Each structure stands twice: as structure tokens, then as C-alpha cells.
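The values are calculated or read from the model by the stated rules, or taken from the named source; none is laboratory data. Everything numeric here is computed off the predicted structure, so don't read it as measured data. Don't worry about glycine lacking a Cβ; one is built from the backbone with ideal geometry, like all the others, and counts go over all protein chains shown.
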Amino acid sequence: MNISKFFHFLNPLIIGIFFIAFLQNNNIGEGIEISEVLSLFIIVSIFSYLVFLISTIIFKNPRKASFYSLILLFIFFSYGYFYQLFNEIFLIKEIARHRYLVPIILIVLTIGMYKVRKNNNEYKNFHGIFFIIFTTLILVNYFMVLRYDLGPSRPVYSDIDIKIENSKNKDFPDVYHIILDMYPTEDILNSRFGFNNENFINELTSLGFRKENLKANYQYTHISIPSTTNMKHFYDSDEDEKNFMNETYHSFNKSSEAFIANKLGYKVYEATTEDANFLSSFFSDFSKIFIRTSMVSVLDDSPLPIHNLWIIDKQKRFQDNFKLLSRTLDKDEKSWFYFYSKPPHSPFIFDENGPKKLNSSPNSIFSFKGIWDEKSKKNYIDQLKYVNKTTLEAIKNILTNNQNTIIILHSDHGIHGLDHGINNFSDDSLIDENGEISNDVFQERFSTMNFTYTPDNCIGDEEKIESNINIISTLFRECFGLNTPDNKNIKFWTPYETEEFILINEN
């Protein structure tokens, strides 16, 4: 069978796969699920062959139709990349606007259509060369992805020197480990937002929760959470250990916490407000980025509220996944449930009563400004109120179903600017070579709330956890009798988009 006869038919699919692979390679380490890639592949395949079919009807020649389709698809899928590039070039950024670029592209495509129809070339050689080049590029991109995914990593729990007996003790309580992203202490909420969080605090303490305000050891989620669940600092870990901890950020089941829980006889569950079923994966962040880099990005400035499809999906994901916390677990097995909620962190898609009413403006929700203006503060507090309400409902349901339960509720870090790396309330966000940092910035970015419920008060008020990295080691030591040592309560500043760790001088 001569596959070269089918190059012209395969190429519209090949170019779509290339742009998916290219985007995936440029987002290595972001925890992109197979379902997200597969759903995007389905959309791209349907679109590519629809373009090819229409072109075939126009040209009456499949090879010419494929040639023209490839030109059109390349422009369509790469438009966003070139648009961003042109806007970074000083001399042409003023004319690199959709209202200028789109008419130029349409004129070029119209002229190209006329030229291709008049041309007697069957483009056989072109299709063969195109297939080989772009198939090679796809393989190179996926080689890079697989190289990262299968790269060297060493489980950090291999260094844990504690005796763990595989126990099926039915008296062990169920455990819920709940993380709310970017949830600071009541002092920060009061002083920076003018919001009194007493109602939420009083509700939890009345249920028997122990409150201890902590400090994060790292200011970013992707570092803070793995250091907590693995009970290990990033700053003194080798590259293989860092690679492993990065993996546990996207898969809690690989973490040291989950490993020990399994050894204790627990069945480990994990869920996040970002989790998607196959239908929701069509509206994943990966597909949103893909569309933003394509010609569909032209619609960002139009009255068509296409962005709302992703917001509605995020709202539904949050509500559906939060319900998982309240489900009745199997009483015949002991369960360890890890749950991460991105809200109250932006985007601000909820008001205090539920999903925010959407409009056609793409900037109504995803408005990342350099400062916290009054509107941004209100949006954050409204979302936090809804998170409070939803969290309390879930916790009350958990305790109603089973009083023999441990609940760990905490945040991963304090308040950032609306987008990581943008100045916060305090303008001086720099740190000098001696680790000196403004106290205002330190308190804003590193202050985290923490509440603990234990049925037998195994973690008493006299026990001081102090920082996030020792939450889980304290739990295992005080409630399960394991010899899990604490880490140093030291904090590190990480400059935006770097892997540098600068020790903060708290003196």
C-alpha cells in the first residue's frame, strides 16, 4: 500500500496535531491531562477536515484543496502567536491590530484561492515534503514531552526513616486534608480588605476546630503545596527530588503524605475544583490557551461572549467537585481525602451567593490589573464569602456522617497581586541579598489560615505547628504515633518565574 497517495488527505490532520503538540511542549509541567489533549484533538480534527471538505467542493481537486487548506489552517492556528509577536515589535505594534490584520489575511487568502485554482500544479511533491517535515516536528515535540514526563525523579519518601506498619485499624478516623488557595489570616483580610472574617472563624471553632495562624514557607502554590504534602523543603532538595515533588503537585497520590496514609491502611482519594470529566475537558485551560493562540482570539474584542463558556464550566466544576467532599464514604474502609480548591484565588467567578452573573465583556472577570482596586477587593471578598459558605456546608455534612474524622483546613500562601508577579498592596516587593524584606510584604504573602479538627484533640492547643511544611508531620506524629520529624520553620522568597530560593531574614 502506497501511503504517499494519502498524504494530501492526512496533512490537514497533521498540521492540527502539530499545533497541539507544540502547545503541549510549551506547557510542560502544567499537568495537562490526556482527556484535555484528546478533546482538543477531536475539535481540531473536525475543524481541519471541515475546512478540507469545503475546499474540495470549491477546487474540485483534493490535492489543490489540501494545499489551500494547509495555508488557511496554518494562518488560523498560528494567528495568536504572530499577533503577540507583532505587538512586541515597536515599529509595527500600532498597526498590528485585528481590524488591520484580518482584512489583509482575507485579501491574501482570496488572491491565493484564485492563484491555486488557475494553477495546474497537483502539489504532489509538496504534500510529501509537508507530511515528512511536520510529522518529524510532531515527534520532536512529543519526545520533549515524554522526556519530561519520564525524566529522572526520586520519591522523597524513600528518605523517610520511620517505622510504618501496614495497619487495618478500623478505629483510625477518616482524614480530610482541604487546601483553599490564597486564603490569608483574619488580620490581613481586615487590614487590607476591610473584611471581618469572624463569622467563618466562630463557626469552625464552635464545631471544635483548633485555630492556629501559620506562615507559608514558599509564596507560590506549585511550591508550597508539594513541600507540605511531602514534608520536605525545596531549597535543599536535589534535582531528582524536585522533579518528584513537582509531579506530586499534579498527583497527590504520589506524595509522601499519600504513601504513609496507604501504609496505615487508608484508601486515598484526591479531588480538586479544577478536575474535569471528559465533557468538561473540552473547556479546559489547555483548550482555552489553544484558542487564544488561534484566530478565534479575534473574538476577544467582539461582543460574542465566547469566553463565558470556560467561566461557566469553571463554576460548574467547582460546585460539582466540592460536592465530593460531602459524599458518604464507605464505612468498611478508612479514607484519606485530599481536596484542593482554587477559589478564593482569582479568577473571580462567584459572588457571595453563587455563580457570578456573566456579561459579554471578556475583561469583566479576568481583569488582571497591577493593583488591588476597590472593585478587585470586592470581587475577592465576595468569592471568599461563597467559599466560606460552601466549605462550612461540606464540613458540617462530613461531621454529620462521621464524628470520628480528622479535618485539616489550611491555605497554601497569602495574598498576591491579582496575577503572580504583579506588585501587591505594598510597592516594595524586593528582597535584598541579606534576605531583608518589607514586613508588610512578608505578612501579606506568607500569612496563612489553618484550622484542625481531631475527635480526640490529638493536636492540642499547646502544639505549635508554626509553618505549612510541618502541618502533616505534626498530624502523623501526634495523631498516629509516627516518628515524623518537623522541618525548619524557615521561609523563602522566590522571584517570579525563577527557581531561585532566597532565605528570608525574619529578625
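Worth pointing out:
So that you can scan it fast, the table gives a plain yes or no per residue for (1) under 30 Å from residue 492 (Cα atoms); (2) in contact with a helix residue (DSSP H, G or I) (Cβ under 9 Å, 6 or more places away or on another chain); (3) surrounded by 16 or more Cβ atoms within 10 Å (Cβ to Cβ):
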| site | (1), (2), (3) |
| --- | --- |
| 246 | yes, yes, yes |
| 264 | no, yes, yes |
| 281 | no, yes, yes |
| 309 | no, yes, no |
| 313 | no, yes, yes |
| 327 | no, yes, no |
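- Yes/no for residue 28 being assigned to a helix (DSSP H, G or I), aliphatic (A, V, I, L, M) and surrounded by fewer than 20 Cβ atoms within 10 Å (Cβ to Cβ): no
- Note on the range 167-276: enclosed helices (runs of 4 or more DSSP H) holding 1 or more residues that are farther than 30 Å from residue 374 by Cα and modelled with pLDDT of 95 or more are 198-206, 221-229, 256-263.
- Qualifying residue in the range 56-70 (condition: touching a Pro at 6+ places or on another chain (Cβ under 8 Å), part of a helix (DSSP H, G or I) and among the small types (Gly, Ala, Ser)): yes
- Residues in the range 277-299 that are polar (S, T, N, Q) and in a helix (DSSP H, G or I): 280, 281, 287, 297.
- Of all the criteria given as (1) of a type in the set (Asp, Glu); (2) touching a helix residue (DSSP H, G or I) at 6+ places or on another chain (Cβ under 6 Å); (3) in a helix (DSSP H, G or I), the one not satisfied by residue 478 is (2).
- Which numbered condition residue 299 misses (of (1) in contact (Cβ under 8 Å) with a residue 12 or more places away in the chain; (2) surrounded by fewer than 16 Cβ atoms within 10 Å (Cβ to Cβ); (3) among the hydrophobic types (A, V, I, L, M, F, W, C)): (1)
- Scanning the range 90-108 for any residue that is over 30 Å from residue 34 (Cα atoms), of a type in the set (D, E, K, R) and either assigned by TED's automatic domain parsing to the domain that holds residue 228 or surrounded by 13 or more Cβ atoms within 10 Å (Cβ to Cβ) (or both) turns up at least one such residue.
- Annotation: residue 444 fulfils all but one of (1) charged (D, E, K, R); (2) crowded, with 21+ Cβ neighbours inside 10 Å; (3) at pLDDT 95 or above; the unmet one is (3).
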